[in-house]
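Take a look at the structure below.
A short reminder: the numbers here are calculations on the coordinates, not readings from a lab. Note that the structure is a prediction, hence the values are computed from the model and not measured. Here the Cβ positions follow ideal geometry from the backbone for every residue, glycine too, while neighbour counts run over all protein chains shown.
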Amino acid sequence: MKTWFSILCLSLSLSLTGADLIVKSPDGNLKVMLGLSETGQLTYEVTYKEKQVLEPSPLGMVTNVSDFSSNLSFVENKEQPVRKFYRQDRIKRSEVNYKANELVAVYQTPRKEKISVVFRVANNDVAFKYQLAQQGETARCIVEKELSGFNFPDFTTTFLTPQATPMIGWMRTKPSYEEEYVADEPVGTPSKYGVGYTFPGLFRIGAHGWALVSETGVGSLYAGAKLSEGTKEGLYTIAFPEPGENNGLGAANPAIALPGETPWRTITIGDNLKPIVETTVAWDLVEPLYKPSKEYRMGRATWSWIMWQDGSINYDDQVRYVDLSAAMGYEFVLVDNWWDNNIGRERIRELVDYAAAKNVGVCLWYNSNGYWSDAPQTPKNRMNTSIARKKEMAWMKSIGVKGIKVDFFGGDKQMTMQLYEEILSDANDFGLVVIFHGCTLPRGWERMYPNFVGSEAVLASENLIFTQHANDTEAFNAALHPFIRNSVASMDFGPVLLNKRHNRTNNGGHTRRTTDIFQIATAVLFQTPVQNFAIAPNNLTDVAPFVIDFMKKVPTEWDDIQFVDGYPGKYVVLARRSGDTWYVAGINAENQAKTITLNLPMMAGKKVRLYSDHPKTGAPQLSELAVKKNGQLKITLPEGGGMVAVNQ
């Protein structure tokens with residue numbers, strides 16, 4: 001608990017005036033109180049079912065033209081309900097009915113400069129942003145500091161991943177959102193690099209419940225933010241990119257044209273993990289920025305590089321992977337780095353034609369960088385300028401390429417966010433879908449950009465090839481992602497490594513610690529509308545036929561999601577629906593077998609195909625059974641094992 005002295009100091013500094021405002025969720029359980037201290041400082045606090053989630057937390061900002069951090073006075077407020085129904089592909093639900101209550105509170109400085117604070121409160125989601133009016137003749141500003149904070153009770157524990165410092169790591173490519181999570185740490189524990197944490201961040205508020213903090217709606221008009229280092233009292237604030245990102249070029253602070261606004265900061269809250277896993281707040285608050293130039297195709301892909309690495313980027317090996325995609329009934333094949341040197345443009349045209357004859361679309365890898373890293377892979381200098389990019393995309397359209405994967409971005413500055421948006425917008429003009437790697441977290445992008453497919457922004461499957469440590473901790477990390485990273489955006493992880501050993505011939509390299517059923521469960525647990533699966537041609541004959549048959553049928557676009565059971569980093573069971581078919585997938589990251597009774601009302605009384613691990617050998621097995629009429633199904637997950645149930 002906070003000490004009596006810190007509570008006294010906090011209450012003295014934040015004692016509220018008569019201008020306190022309250023906005024509640026439609027069901028009345030979630031409540032936000034917006035207040036103004038005697039010194040004109042804005043604060044807010046949040047309760048859920050009358051229990052404290054956020055203690056008084058700071059709001060406001062300092063810009064180069066106005067100071068909205070103190071000496072504010074209340075002007076006016078208005079409240080209104082927000083109701084929105086929308087259909088959205090490429091996310092965890094295809095139909096969303098968003099209901100919230102909105103509060104807009106206007107404040108002014110002694111010089112009559114105005115700022116509005118906008119809160120939207122849904123049943124399990126709080127979102128807020130700032131709106132700035134034009135200040136006289138001044139129509140531009142730079143945000144020097146944002147005070148926005150999240151002041152958790154000091155008994156809260158965290159599930160966070162650190163932000164890396166600029167220009168470190170392989171070929172100076174960080175930060176790339178590829179750091180390891182640390183689970184259940186006390187608030188205020190210093191991060192690995194000392195510069196805060198990437199979004200999203202998960203917080204366990206003792207017995208009170210859970211909160212997931214993130215942001216959405218970040219495009220070319222703002223920088224991507226992060227969480228600061230926390231205090232031992234539980235306060236985390238918004239922090240901007242480090243000045244050294246992008247090789248030190250470009251401003252770390254965002255600039256706004258006035259009138260203008262900031263992105264939304266979001267807090268998803270529940271007394272259990274169900275609202276965290278099922279939230280759609282990242283997309284509820286944003287709108288499409290342009291129309292799709294065509295109806296884009298999603299689906300499954302194979303990808304030689306993940307298992308066969310750079311040596312596979314040649315024409316003959318790519319033909320083998322086209323054939324693998326065709327044999328699996330997959331929609332795509334991804335040709336990774338060095339293709340321009342090792343295959344050449346004319347033979348890529350031949351490969352695209354060969355793949356098209358088998359109803360397989362080809363996607364190509366690109367290096368984003370001009371000056372912000374030393375990554376040597378080519379093609380280079382094709383995506384970082386408008387003239388080169390449009391010329392390259394016109395060529396791709398002319399030969400029938402379906403999409404691109406762009407890698408190695410330089411940070412979260414506003415100039416980098418502009419580059420992401422420019423690549424997406426130009427790609428739409430040429431009918432290309434886009435995946436980003438070595439990159440930032442997508443912030444509402446599936447809805448904002450209709451040709452955006454997904455981003456890596458996670459310590460993904462390539463690390464299983466690179467280190468044994470990644471294999472030893474694979475289950476732990478996989479049991480985190482549905483609660484944190486994948487909860488707010490599509491995640492291009494590259495799952496389902498069915499080789500026992502991570503090399504081309506399945507007889508060397510690092511050793512997989514998880515079972516085959518664990519691996520196919522991640523095809524359901526990890527959500528992105530184009531899955532670049534890590535299966536290899538040899539898996540057609542060295543893996544159980546029913547496992548391959550499952551991988552031929554598993555969808556990548558979903559209509560619904562339900563959280564079933566789990567705890568971050570220990571185990572997770574999710575249900576996803578595609579059409580009328582429910583897939584229930586679970587994995588176990590604990591160091592012993594775990595027996596669970598699942599409540600599956602969507603499968604009550606129905607027959608299911610159950611993919612599971614043999615309790616002694618760990619070998620995959622397939623059975624058929626009927627779920628009880630009450631929807632209960634008892635399962636045992638071995639250490640590093642998994643399960644998938646599919647209704648018939």
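Residues I517, I142, I91, ranked from the fewest to the most other C-beta atoms within 10 Å, line up as I142, I91, I517.
Overall, the anisotropy analysis places the stretch 444-487 in the oblate class: the square-rooted eigenvalues a ≥ b ≥ c of its C-alpha gyration tensor yield a/c not less than 1.5, with a/b not exceeding b/c. Couplings for the stretch 132-145, taken from phi via the Karplus curve 6.51 cos²θ - 1.76 cosθ + 1.60 with θ = phi - 60°, read 10, 7, 5, 9, x, 7, 7, 10, 8, 7, 10, 7, 7, 7 Hz in order; Gly and Pro are left as x. About the centre of its Cα atoms, the stretch 265-323 shows a dipole size close to 180 debye [charges on the beta carbon of Lys, Arg (+1) and Asp, Glu (-1) only; nearest 20 debye]. Peptides 547-553, 208-214 ranked from most to least packed by the mean count of surrounding Cβ atoms within 10 Å: 208-214, 547-553.
Which shape class, rounded, prolate or oblate, goes with the stretch 4-284 when its Cα gyration tensor gives a ≥ b ≥ c as root eigenvalues, a/c under 1.5 marks rounded, and past that a/b bigger than b/c marks prolate? Taking the square roots of the gyration eigenvalues as a ≥ b ≥ c, the stretch 4-284 is rounded. Could you pull out the pairs from K49/K607; K114/K291; K112/K145 whose alpha carbons sit more than 31 Å apart here? In this structure, K49/K607; K114/K291 exceed 31 Å between Cα atoms. Residues in the stretch 491-505 carry Karplus couplings, in order, of 10, 8, 7, x, x, 6, 9, 8, 5, 6, 10, 8, 8, 5, 9 Hz; the curve used is 6.51 cos²θ - 1.76 cosθ + 1.60 with θ = phi - 60°, and Gly or Pro positions show x.
Fewest-first ordering of I205, I399 by other beta carbons within 10 Å of each residue's beta carbon gives I399, I205. Compactness of the chain, taken as the C-alpha radius of gyration over 2.2 N^0.38 Å, stands at 0.96. Between 0 and 90 degrees, rounded to the nearest ten: what's the tilt of helix 414-429 against the longest Cα principal axis of the chain? With rounding to tens, the tilt is 50 degrees. For the stretch 544-569 versus the stretch 333-402, the inter-centroid distance based on Cα atoms is 31 Å. Sparse packing (at most 15 other Cβ atoms within 10 Å of the Cβ) combined with a DSSP loop state is found for the following trypsin sites (Lys or Arg not before Pro) in the stretch 93-168: R111, K112.
When GluC sites (Glu not before Pro) are flagged only if DSSP places them in a loop and at most 12 other Cβ atoms lie within 10 Å, the longest unflagged stretch of the chain comes out as 296-648. In this structure the amide hydrogen of M167, modeled in the peptide plane, comes within under 5 Å of the amide hydrogens of K174, none closer than 5 places in sequence on its chain.
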